[in-house]
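Bear in mind these aren't lab numbers, they're just calculated from the coordinates by the rules spelled out. Values in this document were obtained by computation on a predicted structure and should not be read as measured data. Please note: Cβ atoms are built from the backbone with ideal geometry, for glycine as well, and neighbour counts cover all protein chains shown.
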Amino acid sequence: MRILGIDPGLAIVGYAIVDKEGNSLWSRDYGCIRTAAGLPLEERLLTMYREVCTLVDRWQPDWMAVEQLFFNRNVTNAFHVGQARGVCLLAAAQAQCPVAEYTPLQVKQAVVGNGRAAKKQVGAMVKVLLSLQQVPKPDDVADALAVALCHCNRPAVLAVRRG
């Protein structure tokens with residue numbers, strides 16, 4: 001099974017391709033999509049959409065696992081992240097790729113064993129679980145890998161495959 005993990009954001013979208021076969025996990029690709037702060041919002045979203053579509057076309061994931069929006073205090077930022085999530089979900093829907101969504105608490109619980117884990121702990125566990133040489137940077141990339149790993153640990157959704 002192949003999972004495209006997404007950590008959505010307006011400036012940076014972290015992405016990760018993780019394969020799971022039995023109990024084995026492999027990271028096939030990871031990185032981030034960056035959009036320039038000076039561009040109009042619609043251009044930033046278009047860039048994101050095109051890049052996510054390219055990833056879906058290239059890797060043909062069985063699932064897209066996306067981190068849910070965590071709303072803190074900045075309403076404007078929350079709206080922008082919500083729009084970035086929407087672009088990612090649209091790319092998945094157009095490719096008929098099923099989507100699973102996870103809260104930051106669920107992701108941390110699945111990867112670290114503690115829903116209140118610090119980002120540093122998440123990155124360290126991602127490195128260990130995927131036998132990486134170093135902790136992926138920026139944090140958005142480590143988070144995307146963690147979202148994909150979270151999905152790997154969800155047996156109820158693993159039985160459903162892309163049609």
Please report 140, 57 as a ranked list, fewest other C-beta atoms within 10 angstrom at the top and most at the bottom. 57, 140
Pick out which of 75, 126, 111 has the largest mean-square fluctuation in a Gaussian network model of the chain, springs linking Cα atoms closer than 10 Å. 75
Among 85, 58, 44: highest mean-square fluctuation, GNM of the chain, C-alpha pairs under 10 Å: 58
State, to one decimal in nm, how far the label point of residue 23 lies from the label point of residue 79, with both points 7 Å from Cα in the Cβ direction. 5.0
Explain nothing, just compute: Karplus ³J(HN,Hα) = 6.51 cos²θ - 1.76 cosθ + 1.60, θ = phi - 60°, for every residue of the range 21-33 in order, whole Hz, x for Gly and Pro. 9, x, 9, 8, 10, 9, 8, 8, 6, 7, x, 9, 9
Around residue 100, which amide H atoms from residues at least 5 apart in sequence, or from another chain, sit under 5 Å from its own amide H, with H modelled in the peptide plane? 64, 65, 66
Could you tell me the relative contact order of the chain? Use alpha-carbon pairs under 8 Å, at least six residues apart, and round to a whole percent. 29
With a cap of 12 neighbouring Cβ atoms within 10 Å, and only residues DSSP puts in a loop, list the chymotrypsin sites (Phe, Trp or Tyr not before Pro) found in the range 1-105. 70, 71
Specify which labelled value, from (1) 0.94; (2) 1.03; (3) 1.00, agrees with Rg/Rh (Cα atoms, Kirkwood Rh) derived from the coordinates of the model shown. (1)
